[in-house]
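Quick notes on the structure that follows.
Bear in mind that the values in this text are calculations on the coordinates, not laboratory data. Bear in mind that the values here come from a model prediction, so they are computed numbers and not experimental data. Please note: Cβ atoms are built from the backbone with ideal geometry, for glycine as well, and neighbour counts cover all protein chains shown.
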Amino acid sequence: MNRVHDNKPTSAALRRDKQPQPHTGDSYRAPLRVPSGTGCRECGAVYDNGRWLWCATTRRTSQLVCPACRRILEHAPAAELWLQGCGYLDAHRDEVLALLHHQAQGEQERHALERLMRIDEQAGGMKVTTTGTHLLRRIGAALLRTHHGRLSIEYRDGDGLLRARWSHADSDV
């Protein structure tokens, strides 16, 4: 029987400078896998088969602080969204806040590490910080779908923080 050999080099055969590197190194993610059944002592999320989940397990072997809780405790968001103050935002403040909380709850139910950290109301608008980038993108898409306006998302390499800015085109109601 003749075997067909693939001549593609494996990642071990590639030179170190040619090996694919992760886009960004997140210092809040563990470099090695945590043993399955490990739970977070802050929020109760459980690490199982490579993912943090909201599930009750009886075989909890050890406890540590999950990456999302570490971000919250250290006030180090993964993403921030600036809602620029305008007449529209002032007039629809309660609707926008309800949308933010609804989207955060939906994302947190599916992904234990995606949480809303804070909503700070400031003179020029609102600053929303999250523990993950996916939640920010979900909130941004929901704002565009519901309230329209403009959304700009910016990620600088090496910064480790996804920044977004939303503003409504109509400054009047």
Per 0.36 nm of contour for each residue apart, how much would the distance between ARG93 and ILE119 grow if the chain were fully extended, relative to their Cα-Cα spacing? 8.2 nm
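So for the range 60-108, Kirkwood radius off the Cα pairs, Stokes-Einstein at 4 °C and 1.567 mPa s: how many µm² s⁻¹?
Details: Rh = 13.6 Å.
Taking Rh from Cα pairs, D becomes 95 µm²/s.
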Report, largest value first, the span of the C-alpha coordinates of the range 111-172 along each principal axis, in whole Å. 36, 25, 21
Calculated diffusion of the range 66-143, Stokes-Einstein form, Kirkwood radius summed over Cα pairs, 10 °C and 1.306 mPa s, µm²/s: 126 µm²/s
For the range 138-150, take each phi angle, set θ = phi - 60°, evaluate the Karplus expression 6.51 cos²θ - 1.76 cosθ + 1.60, and give the result in whole Hz per residue in order, putting x for glycine and proline. 5, 5, x, 5, 5, 4, 5, 5, 8, 10, 6, x, 10
For the range 110-119, Karplus couplings with θ = phi - 60° (6.51, -1.76, 1.60), whole Hz, Gly/Pro x: 8, 10, 5, 8, 9, 9, 7, 8, 8, 10
Farthest toward the dipole's positive end in the range 77-167, which of THR146, GLN103, HIS92, given Cβ charges of +1 (Lys, Arg) and -1 (Asp, Glu) about the Cα centre? THR146
Spelling out what I want: for every residue of the range 98-107, take phi, set θ = phi - 60°, compute 6.51 cos²θ - 1.76 cosθ + 1.60 (Karplus), and round to whole Hz; glycine and proline get x. 5, 4, 4, 5, 5, 5, 5, 5, x, 6
Pull up all non-local amide H partners of LEU53: gap of 5 or more, or a different chain, and H-to-H distance under 5 Å with H placed in the peptide plane. VAL46, TYR47, ASP48
